[in-house]
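Participant: This is the structure I want to talk about, given as structure tokens.
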Amino acid sequence: MALAGELQDFEITDVFQLIQMGQKDGVLKIQTADDTGIVYFKDGKVAHVQTNAIRGESAIDTILSWKKGRFTF
């Protein structure tokens, strides 16, 4: 499954939901002007999350707040 786009066009929560519904394994990379977020999925569930500076639950909260950037899965 190749998935890529702009956060201005797709809500990040919609991207998460698509991966979850497909029960996919893989890495979602979100690149903003100031930061990079990486979300690891196993069977459609979030297995690990990190940004340049933080990991875990705080990182997911940060990523969910981003409105601009590019994502690839």
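Participant: Specify the residue that is farthest from residue 72 (Cα to Cα); the eligible residues are those in the stretch 20-50 that are touching a residue at least 24 places away in the same chain (Cβ under 8 Å) and among the β-branched types (Val, Ile, Thr).
Facilitator: Ranking the candidates gives 46 first.
Participant: Moving to a separate point now. Report whether or not residue 17 is without any contact (Cβ under 8 Å) to a residue 40 or more places away in the chain and not basic (Lys, Arg).
Facilitator: Here the answer is yes, as residue 17 does meet what is asked.
Participant: Right, next: Within the set of pairs 6+ apart or on separate chains, which have a first residue in the stretch 51-65 that is without any contact (Cβ under 8 Å) to a residue 24 or more places away in the chain, a second that is in a loop (DSSP other than H, G, I, E, B), and C-beta atoms under 8 Å apart?
Facilitator: Going by the 8 Å Cβ cut-off, the qualifying pairs are 51/35; 52/35; 53/35; 59/51.
Computed from the coordinates by the stated procedures, all read-outs in this text should not be read as laboratory data. Please read all numbers here as calculations on a predicted model, not as lab measurements. We place every Cβ from the backbone using ideal geometry, glycine too, and count neighbours over all the protein chains shown.
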